[in-house]
Amino acid sequence: MAYIEIRNEFKRYQMGETEIIANNDLSFDVERGQLTVILGPSGAGKSTVLNILGGMDSPTSGQVLVDGTDIAQFSEKQLTAYRRTDVGFVFQFYNLIPNLTTLENVEMATALTPDALDPAETLKAVGLEKRIDNFPAQLSGGEQQRVAIARALAKNPKLLLCDEPTGALDYQTGKSILRLLQEASQNHNTTVIVITHNAEIAKMADRVIHINDAKVRTVEDNDNPLPVE
Ligand code: ADP
Ligand code: ADP
């Protein structure tokens, strides 16, 4: 069974008289331990489905099976526990806490997580051992995103959700971030989902789900995803 099975998922927003359909009958699978890219233009509905997968939002209808359990049926309390123990998040603009050091930012995220990894070890694994006492403003963009990835990985999540993780970075720095995400899937069996509008990034994925205008248009598997050099 696939790690994630989304079936006939709809998300509608009511804006006064107007109904916005952000996700229109989405169905797709994500395999365990793979790097899956959700590709599509701005406004396509990518963040909506990622937020639903992360337990930050609920669908209007449909099934969202994660390891066989339909999280669309979860209560707020169950969603909170799920976010805490199962999911790591990485965002375009890092979302670090500015008045905490690198190490403290990671410790914040792991404090409530039972199976968390050692924050300092995780920072070392992403190449930031010399930066643990620095504040976010003292780091480059790429370094701040490494902190954000360490913060997510230190929770030892089964699922790592990344919303445009390279969107604010130059090409080379973005590649080094993608390499970390590819390693997380290949070496640690973490299921990684990356949202992007960049087709270059899609070449590095095991599976590419193309979403446009609120619908899944194509699902393609790469037998030989490009290694990130
Ligand atoms: P993407 O991530 O592909 O850029 P989104 O999932 O953010 O797309 O948005 C899909 C559509 O849903 C857009 O038309 C967006 O304006 C709309 N949308 C997203 N969130 C909300 C919200 N909270 N209220 C109303 N409309 C929303
Ligand atoms: P990039 O252009 O790759 O984003 P920067 O030019 O911002 O990188 O930074 C290059 C190096 O200088 C990085 O290692 C970064 O951590 C360091 N650095 C940048 N700003 C500061 C600062 N205010 N204090 C300490 N180190 C800094």
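Quick notes on this one:
- Rounded to the nearest 20 debye, the dipole size of the range 176-229 about its Cα centre is 160 debye, using +1 on the Cβ of Lys and Arg and -1 on the Cβ of Asp and Glu.
- For L100 and H188, the FRET efficiency from 1/(1 + (r/R0)^6), where r spans their Cβ atoms and R0 equals 25 Å, is about 0.50.
- Inter-centroid distance (Cα atoms) of the range 165-226 relative to the range 65-137, Å: 20
- Simple spin-label estimate for T80 and M1 gives 2.7 nm between the two label positions (7 Å along the Cα-to-Cβ direction from each Cα).
- Net charge dipole size for the chain [Lys, Arg +1 and Asp, Glu -1 on Cβ; Debye, nearest 20]: 220
- Folded to 0 to 90 degrees: helix 141-153 orientation relative to the chain principal axis, Cα: 70
- Expected-Rg normalisation [2.2 N^0.38 Å, Cα atoms] applied to the chain: 0.99
- Computed about its Cα centre, the charge dipole of the range 148-197 is approximately 200 debye, with only Lys, Arg, Asp and Glu carrying charge at their Cβ.
- Once the Cα atoms are used to define both axes, helix 76-86 deviates from the longest principal axis of the chain by about 50 degrees.
- Cα-based reach from K11 at 26 Å (exclusive), listing lysines while leaving out same-chain residues under 8 positions away: K46, K77, K158, K215
- Ranking by accessible area, most exposed first, for M204, M56 with a 1.4 Å probe: M56, M204
- Seen against the Cα atoms of the chain and their longest principal axis, helix 171-188 is set at about 80 degrees.
- Among the chymotrypsin sites (Phe, Trp or Tyr not before Pro) in the range 90-180, those located in a DSSP loop and surrounded by at most 15 other Cβ atoms within 10 Å of their own Cβ are F93.
- Volume per residue of the convex hull around the Cα atoms, evaluated for the range 88-189, comes out as 86 Å³.
- Heavy atoms of D86: accessible area, 1.4 Å probe, square angstrom to 10: 30
- Cβ-based charge dipole, the range 128-221, positive-most Cα from I149, Q172, A137: I149
- Distance cut-off 20 Å, percentage of C-alpha pairs in the range 31-98 lying past it: 35
- Taking all protein chains into account, the per residue accessible area for the chain stands at 48 Å² (1.4 Å probe).
- Surface composition of the range 1-150: carbon plus sulfur atoms hold 49% of the accessible area, using a 1.4 angstrom probe and ignoring ligands, DNA and RNA.
- FRET efficiency for D118 and Q138, using Cβ-Cβ distance with R0 set to 25 Å, rounded to 0.05: 0.65
The values are calculated or read from the model by the stated rules, or taken from the named source; none is laboratory data. Not measured: the values here are computed from a predicted model. Cβ atoms come from the backbone with ideal geometry, glycine included; neighbour counts cover every protein chain shown. Quick note on the areas: whole protein, heavy atoms, side chains included, nothing else; ligands and nucleic acids left out. Shrake-Rupley method; radii C 1.70, N 1.55, O 1.52, S 1.80 Å.
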